[in-house]
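Structure first, commentary second.
The values are calculated or read from the model by the stated rules, or taken from the named source; none is laboratory data. Since we're looking at a predicted model, the values are computed, not measured. Don't worry about glycine lacking a Cβ; one is built from the backbone with ideal geometry, like all the others, and counts go over all protein chains shown. Quick note on the areas: whole protein, heavy atoms, side chains included, nothing else; ligands and nucleic acids left out. Shrake-Rupley method; radii C 1.70, N 1.55, O 1.52, S 1.80 Å.
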Amino acid sequence: MMMAPEATPDIQPGDIEGLMRAYPHVRDWVNDFEAKYGSRPIFYGPLDRGAKKVKPMNLIYETKPPVFVHIYQPPIEEEGGGHTLWFGLEPQLSEEDELIRRQLVEILLQEAPTSPTFTTDNEFENILSGMIDRYTVLHEDAPAVNRQGRIWEILGMSDMRIRVNAAQRERLRYIISRDLIRNGPLETLLSDEMLEDIHSIGLKHINMDHKVFGMVTSNIRFRERELLGRWLRSMSERIGRPVSDNKPIIDGSLLDGSRINIIYSDDVSMLGPSFTIRKFAEETISITQLVVWGTMSAQVAAYIWICLEYGMSVLVSGETASGKTTTLNAILPFIDHNVKIYSAEDTAEVKVRHKIWQRLVTRDSKNEDARVEMFDLLKAALRSRPRYIIIGEIRGVEGATAFQAMQTGHPVIATFHASSIVKMIQRFTGDPINVPMRFFDNLNFAIFQEVVEDPAGGIARRITGIDEVIGYNKHSDGVLTRGMFEWDPVKDKHYFRGMYQSHLLENKIAALAGFSNKREIYDEMMKRSEALQRMCDRGLTHYDDVFDLIGVYYMRGWDAFSDNIDTWVAINQE
């Protein structure tokens with residue numbers, strides 16, 4: 001329902017005139033911008049990394065119509081020159097529109113108790129849209145005497161509906177849905193899949209990390225501290241973690257899965273209430289998409305596949321914003337689709353499509369007896385005997401419980417903050433986690449990931465290494481590890497260093513897989529690597545397609561899986 005008056009037109013890149021005709025708010029913005037700066041932006045269409053090369057940087061790209069984004073980098077000599085500016089374009093209400101909006105919202109709130117029930121945001125949006133249609137009438141459909149009546153008149157007399165034109169109705173539909181269902185004044189920001197981190201400090205303009213343009217400054221800011229505080233309280237209540245002066249710092253997840261951190265109190269945040277949103281893509285990224293992007297190679301993916309199929313525990317480790325959760329979600333389809341999975345998280349970020357998935361999240365409370373912490377979730381998971389336990393992120397003492405789970409035969413997949421195997425062991429064996437060194441051989445392997453500079457000038461994620469844990473050496477009181485993969489930053493290529501040297505593949509997995517000659521396991525890995533590469537070459541990168549194809553392998557075997565790669569392509573092309 002958040003659309004332009006007509007269905008989204010098929011506007012070709014470069015057709016800025018067509019875009020302006022279809023979307024009046026874009027037309028008004030472009031005309032005002034041209035009058036002020038003397039230049040007209042181009043329409044780029046859906047954004048890709050090639051936009052970085054457009055000079056001068058003055059372009060509009062599509063996010064979720066009617067929402068668009070204008071990227072502009074002023075010349076050095078101009079005010080703000082050298083900085084990249086991000087302008088969110090969305091329908092705007094006139095003073096008359098605002099008066100109508102207030103009337104409609106009051107009507108909708110009065111009608112809410114008798115309205116149909118709903119379970120999803122889409123259902124709620126459809127109900128709202130129907131109510132807006134019911135209490136407004138287009139000018140051409142209404143008698144000339146009908147004007148905006150009082151609320152009691154509108155509720156009591158159907159012929160006293162508010163008269164609007166078609167463009168007004170759609171503006172009102174968008175704004176009311178935006179404010180009541182979606183993300184209010186931040187809707188344009190959260191509609192942009194190219195934004196990664198959104199940073200707001202007090203009443204300053206909001207800054208963002210952009211996948212193509214790096215750090216950008218938006219045209220969006222809260223102009224009143226009271227309004228900012230009210231929005232933060234409302235947002236925190238919607239995600240089930242109310243913020244207050246007594247509890248000024250909270251973490252949670254937005255409706256689209258993005259992570260939000262709020263610092264509410266002026267006593268803590270000296271420049272005023274602040275928040276940071278770490279955005280996640282609405283569609284889960286697939287393992288083949290990560291291969292196409294170069295985050296990992298098909299060989300790396302094949303190695304992870306064979307390890308997860310045969311119950312190995314793994315940590316996906318790296319620094320903040322290195323893409324750990326994205327990689328964790330991408331590798332989960334490699335787990336047998338017929339087994340039970342438990343996930344335990346502070347904020348819901350893990351996405352599993354397996355049929356038997358128990359999703360657990362912590363619960364905060366002032367009452368200590370009502371509080372549910374990560375330790376409690378892991379204890380509950382162990383009692384349920386799942387095949388795999390997935391921990392969104394290990395931060396503290398729950399790390400010791402994760403290693404206890406591995407000891408009892410429950411494979412664990414989790415993310416962790418450490419940039420190397422040495423630092424990982426140091427963090428796990430030190431305060432506050434305190435895992436005994438001798439327990440560390442219950443972990444089978446670790447994946448390390450970093451944010452690196454893209455050759456085109458942007459940022460990218462790369463798996464920089466995979467290390468196997470061989471075991472605890474009591475003589476040196478240390479942990480023996482061996483590197484399996486390494487990434488060459490010069491050639492941007494992953495190399496498999498573990499051929500005929502993998503402790504996991506030869507000594508743990510080969511026998512489970514039924515190979516009499518343990519080195520045949522490498523042929524199996526290469527076979528899977530070739531199949532994954534074939535999927536990449538044929539454009540099979542949608543998460544659901546990848547999941548379903550791997551499901552064919554677990555249900556019907558290798559030959560059916562291999563044959564279905566080509567079949568899937570043919571179906572999708574049709």
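Details
- Residue check for ARG556: open to solvent by 20 Å² or more (accessible area, probe 1.4 Å), out of contact with any helix residue (DSSP H, G or I) (no Cβ under 8 Å at 6 or more places or on another chain) and not acidic (Asp, Glu): yes
- Tally of residues being open to solvent by less than 30 Å² (accessible area, probe 1.4 Å) and either in contact (Cβ under 8 Å) with a residue 40 or more places away in the chain or of a type in the set (D, E, K, R) (or both) across the range 113-138: 4
- Among residues of the range 498-513 that are more than 26 Å from GLY557 (Cβ to Cβ) and in a helix (DSSP H, G or I), those with a beta-carbon under 7 Å from a residue that is modelled with pLDDT of 95 or more and open to solvent by less than 10 Å² (accessible area, probe 1.4 Å) at least six positions away or on a different chain give the pairs HIS503/GLU468.
- Failed item in (1) open to solvent by 70 Å² or more (accessible area, probe 1.4 Å); (2) modelled with pLDDT under 90; (3) not in a helix (DSSP H, G or I), with PHE375 passing the rest: (3)
Yes or no, residue by residue, for (1) of a type in the set (Val, Ile, Thr); (2) open to solvent by 20 Å² or more (accessible area, probe 1.4 Å); (3) touching a residue at least 60 places away in the same chain (Cβ under 8 Å); (4) under 22 Å from LEU189 (Cα atoms):
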| site | (1), (2), (3), (4) |
| --- | --- |
| SER39 | no, yes, no, no |
| ASN58 | no, no, no, yes |
| GLU62 | no, yes, no, yes |
| VAL67 | yes, no, yes, yes |
| THR84 | yes, no, yes, yes |
| GLY88 | no, no, yes, yes |
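- In the condition set (1) open to solvent by 50 Å² or more (accessible area, probe 1.4 Å); (2) in contact with a strand residue (DSSP E or B) (Cβ under 9 Å, 6 or more places away or on another chain), GLY214 is compliant with all but (1).
- Per-region count, the range 259-318, residues under 24 Å from VAL339 (Cα atoms), charged (D, E, K, R) and in a loop (DSSP other than H, G, I, E, B): 1
- Criterion violated by GLY471 - all others in (1) open to solvent by less than 30 Å² (accessible area, probe 1.4 Å); (2) in a helix (DSSP H, G or I); (3) out of contact with any Gly (no Cβ under 9 Å at 6 or more places or on another chain); (4) not β-branched (Val, Ile, Thr) satisfied: (2)
- For the range 293-322, residues that are open to solvent by less than 10 Å² (accessible area, probe 1.4 Å) and of a type outside the set (A, V, I, L, M) total 8.
- Top-ranked residue in the range 253-266 [being at pLDDT below 85 and over 14 Å from ILE201 (Cα atoms); ranked as most open to solvent (accessible area, probe 1.4 Å)]: LEU255
- Subset of the range 343-371 that is acidic (Asp, Glu) and touching a residue at least 12 places away in the same chain (Cβ under 8 Å) - its residue that is farthest from ASN329 (Cα to Cα): ASP364
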